[in-house]
Amino acid sequence: MWLVRMKQSLRYRDGAWLVVCQLTSQDNMDGNGTCNSRSHRSRRIITCVEHGSTRVDCRFPDPESGPNRNRSFMEAVGFYLGKRSQQVCGIFAQESFYGCGIAYTITAATSVRAIQRSNCYHREGHDAVCKYGDTSFMLVFGIIQMVASQIPNFHDMEWLSILAAIMSFAYSFIGFGLGFAKVIENGRVEGSISGVPTVDVGDKLWLVFEALGDIAFAYPYSTILLEIQDTLKSPPAENKTMKKASRAAIFITTFFYLCCGCFGYAAFGNQTPGNLLSGFGFYEPYWLIDFANACVVLHLVGGYQIFSQPVFALVEGWLANRYPRSWFVNKPYTLKLPLFPPLHVNPLRLCFRTAYVASTTTIAMAFPYFNQVLGVLGALNFWPLAIYFPVEMYFVQKNIGAWTRKWIVLKMFSLLCFLFTIMGLIGSIQGLIKARFS
């Protein structure tokens, strides 16, 4: 997995805290840098139960000194639940990575467009008609990713993890600060317990279901826990260090979730935009809005590659094993350009990665609807990756028998999350169709 490779040069205990915080804080504003106030308050409860009750250690049979290791989420699923479950998990995991590429493309273009609109409103006034398309920005983002995907050993760049963490904290603090300042400026708390009013109960249910999908997208945490834990030194035992890192990361993201969600809704009430940094609840200071959105874009340029590298590695590795004598698959070529070091190009790498980026860009251009796309992706992956497989592995690891009290509680929790996932998927698909044809 990409995280194992990226962390090979960061084998110290505190490094785990850095990467955990990066991966959690990148979603603290609705997964990729935006404050969706409808969904932040609920998602913390799910996360704490999910990762507090069903943690699976990377070492076995003893979690502290066992000689065998599961180095990734996929390996753990295969070891505890069998090859068939591992294959199903792999499908969902790769689809999740691909979906992140689509979501990142949409969000990056939205943030660049927000910078243009912010400058326009500053020049022309807040009532000016400042409308800009985002298709061209998606194309530019796609071209950048096509080039970045050809960089060798991209996943080993230590600075990428550090930069992403800095950008995450920067736009998170700005989102929180702007919401807090707006509440002080208003002198009152906007909004109501019942939320956004609708024409009928059906519309209200669709919005609730869509919000459930947005909540589900926010936390790809479980799939990377073991990858991080596998890179830690011992002693002390990796699971003890990981527990401390997880607590610190969850505390930090809880703070940002609550601050962005609660203060965002308190500032704008029922008029709260789905994206506080680009939905233009805020107009001034315009330079701060620009800076926050620039942080989002920089974060997503590297984040796209981080979530794409596992797909590249899987497909290219499988084809290399399947066709070991193919020149197209395995033979590198050296390309020499003026003023640049020699570049080693592989035909498969060049064609597949370019096609991969082109496909995510095309889908993003066809469905440039931020909240709806996040809802669909979140609902598709939340229950299998974050709930079902961790719970089932926990049963096997701890030898929890059927119909015991803990078994019943966790099964009911899994069933409840499954129902939430179905509702979120239905609501998000309905919202996506409505946005596409409205």
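The values are calculated or read from the model by the stated rules, or taken from the named source; none is laboratory data. The model shown is predicted, which means the values in this text are computed figures rather than measured ones. Neighbour counts run over all protein chains shown; Cβ positions are idealised from the backbone, glycine included. Ligands, DNA and RNA are stripped out before the accessible areas are found, and what is left, the full protein with its side chains, is counted by its heavy atoms. Shrake-Rupley method; radii C 1.70, N 1.55, O 1.52, S 1.80 Å.
Here are some notes:
- Accessible area, probe 1.4 Å, largest first, for residues R322, R84, R349: R84, R322, R349
- Residues whose placed amide H lies under 5 Å from that of V345, excluding near-sequence neighbours: Y333, T334, L335
- Neighbour-limited loop hits for trypsin sites (Lys or Arg not before Pro), the range 143-213 (at most 15 other Cβ within 10 Å; DSSP other than H, G, I, E, B): R188
- Solvent exposure of the range 335-438, expressed per residue, is 54 Å² of accessible area, with all protein chains present and a 1.4 angstrom probe.
- S278, S234, reordered so the largest accessible area comes first (probe 1.4 Å): S234, S278
- Rounded Å value of the spacing that divides the Cα centres of the range 155-212 and the range 358-408: 22
- Here the range 290-407 has 69 percent of its accessible surface on carbon and sulfur atoms, given a 1.4 Å probe and all protein chains in place.
- At R0 = 60 Å, FRET efficiency that the Cβ-Cβ distance of A181 and W318 yields, to 0.05: 0.70
- Surface composition of the range 84-190: carbon and sulfur atoms hold 64% of the protein heavy-atom accessible area at a 1.4 Å probe.
- As a rough guide to protection, the peptides 251-261, 117-127 ranked by mean Cβ packing within 10 Å, highest first, stand as 251-261, 117-127.
- Low-density loop cleavage sites - chymotrypsin sites (Phe, Trp or Tyr not before Pro) in the range 358-438, where at most 11 other Cβ are within 10 Å (DSSP): W403
- For the pair the range 101-137 / the range 289-342, the C-alpha centres are spaced 28 Å from each other.
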